[in-house]
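Here the structure comes first, spelled out in structure tokens, and everything after it is commentary.
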Amino acid sequence: RYVIENVGGFIGGNVSTVLGHPFDTVKVRLQAGHSEYSGAMDCITRTVRREGVLALWKGMLSPVLTSSALGAITFSTWQEAQRWLNRDADPALPVPLHSVFVAGATAGIVQCSLATPMELIRTKLQVQHEGNRAYRGNLDCVRAICRTSGVQGLYRGNLSMLLREAPAFGIYFSMYEATKRRLCPVLRPGEEEPMWLQAAGGAVTGLPEEHARDPARTSLVRVAQQVWKEGGFLAFYKGLHLAVLRGIV
């Protein structure tokens, strides 16, 4: 069962990464403060015109190599945490939603061991423009960071990641379970879920999860102060609509 859950997370992670990466690239460029873009469509048009359509998938190798593993780690950790939290409960009863939330938050914390370096490398590559290229690729980016800051440099912003991922994954999994139970109340624990039900549960979780994630994605203390000065409260949610679309995908 553990192996099957890991394989499912591995495949799902790759599919989600490939389909959602263009949304993420545009969101990151908007959040990075490139004032030349008036909005998402303008960013897409200018990026494709100047750098080609493949530029929308810039920096994808890092999440492709790690997101599949992240999906496997996250999903299996969530399942194991639920089993441990409800080890004395009746297996015929649904897992309480508060336990689903705690298990999801635990999974979010565990996956940060890979997610933080991946996010750092991906973001650095995504904001690169022609004529302003600091890194030739993923490996060059890793080498440059380790050379100047050591291995710990790959975990810059890890506290922000932990504060973001724990509640975001808790919300994701609890909303996912609540939606499935609402749409299909006759489904019993352990029964196979229809594909449409899994898709609906995943789509519904995109909005609240990304609302929880987006401010932490942009800030921590000093950076937060600068963001506030530049655009107030709404600046923390720049690119949110793209993050929501990315979450649904």
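The table below lists the values:
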{"quantity": "Some residue of region 51-74 being at pLDDT 85 or above and closer than 30 Å to VAL100 by Cβ", "calculated": "yes"}
{"quantity": "Number of the condition not met by VAL18 [criteria: (1) at positive phi; (2) touching a residue at least 24 places away in the same chain (Cβ under 8 Å)]", "calculated": "(1)"}
{"quantity": "Test result for ARG49, in a helix (DSSP H, G or I) and open to solvent by 40 Å² or more (accessible area, probe 1.4 Å)", "calculated": "yes"}
{"quantity": "Close pairs from region 75-92: first basic (Lys, Arg), partner at pLDDT 90 or above and open to solvent by less than 50 Å² (accessible area, probe 1.4 Å), Cβ under 9 Å, at least 6 apart", "calculated": "ARG83/ALA103"}
{"quantity": "Positions within region 165-180 being out of contact with any Ser or Thr (no Cβ under 6 Å at 6 or more places or on another chain) and either farther than 15 Å from VAL95 by Cα or open to solvent by 30 Å² or more (accessible area, probe 1.4 Å) (or both), in sequence order", "calculated": "GLU165, ALA166, PRO167, ALA168, PHE169, ILE171, ALA178"}
{"quantity": "Unique match (being open to solvent by 20 Å² or more (accessible area, probe 1.4 Å), among the aliphatic types (A, V, I, L, M) and assigned to a helix (DSSP H, G or I)) among LEU162, LEU125", "calculated": "LEU162"}
{"quantity": "Verdict on GLY153 being at pLDDT 80 or above, farther than 30 Å from VAL100 by Cα and in contact with a Leu (Cβ under 9 Å, 6 or more places away or on another chain)", "calculated": "yes"}
{"quantity": "Selected residue [in contact with an Asp or Glu (Cβ under 8 Å, 6 or more places away or on another chain), surrounded by 15 or more Cβ atoms within 10 Å (Cβ to Cβ), closer than 29 Å to LEU30 by Cα and of a type outside the set (A, V, I, L, M)] from GLY108, GLY71, GLY59, GLY153", "calculated": "GLY108"}
{"quantity": "Residue match in region 95-104 (condition: touching a residue at least 40 places away in the same chain (Cβ under 8 Å), in a loop (DSSP other than H, G, I, E, B) and over 30 Å from GLU51 (Cα atoms))", "calculated": "yes"}
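Residues checked against (1) modelled with pLDDT of 90 or more; (2) under 30 Å from HIS98 (Cβ atoms); (3) hydrophobic (A, V, I, L, M, F, W, C):
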site	(1), (2), (3)
ILE109	yes, yes, yes
PRO117	yes, no, no
ARG122	no, no, no
ASN132	no, no, no
TYR135	no, no, no
ASP140	yes, no, no
ARG143	yes, no, no
PHE169	yes, yes, yes
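The values are calculated or read from the model by the stated rules, or taken from the named source; none is laboratory data. Source: prediction; values computed, not measured. Ideal geometry is used to build each Cβ from the backbone, glycine not excepted, and the neighbour counts take in all protein chains shown. In case anyone asks, the SASA skips ligands and DNA or RNA and just uses the protein heavy atoms, side chains included. Shrake-Rupley method; radii C 1.70, N 1.55, O 1.52, S 1.80 Å.
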